[in-house]
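Engineer: The structure under discussion is supplied below as structure tokens; questions concerning it will follow.
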Amino acid sequence: MNFLPTDEQRLAVEGFNRFLETKLQPIVRRYQPDKLIEKERMLEIFQLMLPYGMGGNGIIAEKHGGMGMPWLTYALMYEQLARVSGDVAISLLIQQLGAYSLEVCSNDAMRDKYLPRMLRAEIIACSGISEPGVGSNVAEVTCRAKKDGDLYVVTGEKTWISNGHYSDFCMVIVRTSDDGAKGLSMILVDRAEHGYDSRNIDKLGLNSTSTAQLFFDGVRVPAANMLIAPGAGLKNTLVLFEKARPMVGLTSVGIAQAALDKAVAYAKERRQHGKPIGAHQLIQGMLAEAAIELDAAKLLVYRAFNLIDHGVRCEVESAMAKCYATEIAVDVASKAVQIHGGNGITKDFGVELLFRNARMMTIPDGTTEIQKLIIGRALTGLNAFS
């Protein structure tokens, strides 16, 4: 087992870090702490990151116009993006997984129509799963797609949709029959061609990226836009979660790293009782605990991506990575606030924003509690979901 990055990975991360510090950081600072990055600016950011494989093109196969990166290499670079801007990282996560969903779907026409434009960062995607009454249990989705000749009529509401307010299209999990989990599919709804409305949601953190409610009011969509055959929607969604969950965990790792970096710098600079506060044992203990948690989270996340690269199903490992990384990020960011003392609860030092952003991450793509149930089911063979 090799814990060292390859020379190629190291050089890729170093080059991307230079870009982040010189190009991206000045842009995102204008939007901190809570100003929404406009769609045009987000697309501009994606376009700037394309040469590094970080504009939605990274993991897409070369034959489809992408760079064909291994997932782990992509993850090492994405971690650095999340360290600089959790908001941009989340938006890219949705964009990249949207491109991946198009790449692996069985609908060649939809792939050929939308994927090239995504890989040029000309349009923004979102994925519509959660609903006002449906969160962790995807099998209970109620958004309906009713067949009407060569069309499907889509009616329903989605919520907590990342990239939703400025999305050009949404890949919507819909119910095509009342046959429980077997009645789900995924259809692509184009905002300009078919029409849907959205409302941005103000949140605790990560307000520089869009999270929205989407409204589908009898939207008529060609049957040719069905990405997943009726009945296969749940299975495909759960497989996609195996890749999304360690990405969410990695976002938390980046946020936690930023918080720890700020805490270490402040502990070396701030003086009390005649010496830097970092020379006091209790402060060093807090920093050490944060560093241990952060390294453990990284290893769990890296393991999940290594398994993905080797084509190994990793539902449990992805759940562990997401569960642990998102929870320790809250703890690390909380320690950073505490080390900053009174300055930590102001908006001037940035750690309160990192704490709010970290707290956001324990919820999406299955809460901490859902991840524990997945792990518990694997350990006991007993299903707490039914």
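The values are calculated or read from the model by the stated rules, or taken from the named source; none is laboratory data. These figures come from a predicted structure and were not determined experimentally. Cβ atoms come from the backbone with ideal geometry, glycine included; neighbour counts cover every protein chain shown.
Engineer: Go through region 70-104 and count every residue that is acidic (Asp, Glu) and farther than 18 Å from GLU44 by Cβ.
Structural biologist: Final tally of qualifying residues: 2.
Engineer: If you take the residues in region 218-241 that are small (Gly, Ala, Ser) and not in a helix (DSSP H, G or I), which one is nearest to MET110 (Cα to Cα)?
Structural biologist: ALA229
The rows are residues; the columns are (1) under 27 Å from LEU287 (Cα atoms); (2) surrounded by fewer than 18 Cβ atoms within 10 Å (Cβ to Cβ); (3) in contact (Cβ under 8 Å) with a residue 24 or more places away in the chain; (4) small (Gly, Ala, Ser).
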site: SER318; (1), (2), (3), (4): yes, no, yes, yes
site: GLU327; (1), (2), (3), (4): yes, no, yes, no
site: ALA336; (1), (2), (3), (4): yes, no, yes, yes
site: LYS347; (1), (2), (3), (4): yes, yes, yes, no
site: PHE385; (1), (2), (3), (4): no, yes, yes, no
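Engineer: Pull up region 349-382, narrow it to residues that are outside any helix (DSSP H, G or I) and at pLDDT 95 or above, then point me to the one that is farthest from GLU140 (Cα to Cα).
Structural biologist: So the residue we want is PHE349.
Engineer: Any residue that is modelled with pLDDT under 95, outside any helix (DSSP H, G or I) and polar (S, T, N, Q) - is there at least one of those in region 101-110?
Structural biologist: Yes: one or more hits.
Engineer: Let me ask something additional. Condition check: over 22 Å from GLY254 (Cβ atoms) and at pLDDT below 95. Does ARG271 satisfy that?
Structural biologist: When the stated conditions are applied, ARG271 does not pass them.
Engineer: Just one of the numbered conditions (1) touching a strand residue (DSSP E or B) at 6+ places or on another chain (Cβ under 8 Å); (2) touching a residue at least 12 places away in the same chain (Cβ under 8 Å) is not true of GLU140; which one?
Structural biologist: (2)
Engineer: State whether one or more residues within region 67-85 are basic (Lys, Arg), within 22 Å of THR6 (Cα to Cα), surrounded by fewer than 23 Cβ atoms within 10 Å (Cβ to Cβ) and in the same structural domain as THR22 (by TED's automatic domain parsing). Show your work before the answer.
Structural biologist: At the first step, the residues of region 67-85 found to be basic (Lys, Arg) are 83.
Pick out the ones that are also within 22 Å of THR6 (Cα to Cα) and you get 83.
Still in the running and surrounded by fewer than 23 Cβ atoms within 10 Å (Cβ to Cβ): 83.
Imposing the further condition that a residue be in the same structural domain as THR22 (by TED's automatic domain parsing) reduces the set to 83.
Among the residues of region 67-85, at least one is basic (Lys, Arg), within 22 Å of THR6 (Cα to Cα), surrounded by fewer than 23 Cβ atoms within 10 Å (Cβ to Cβ) and in the same structural domain as THR22 (by TED's automatic domain parsing), which makes the answer yes.
Engineer: Still on this model: If you take just the helices (runs of 4 or more DSSP H) that sit entirely in region 1-98, which of them hold at least 3 residues that are among the aromatic types (Phe, Trp, Tyr) and under 18 Å from the mean Cα position of the chain (by Cα)?
Structural biologist: 71-84
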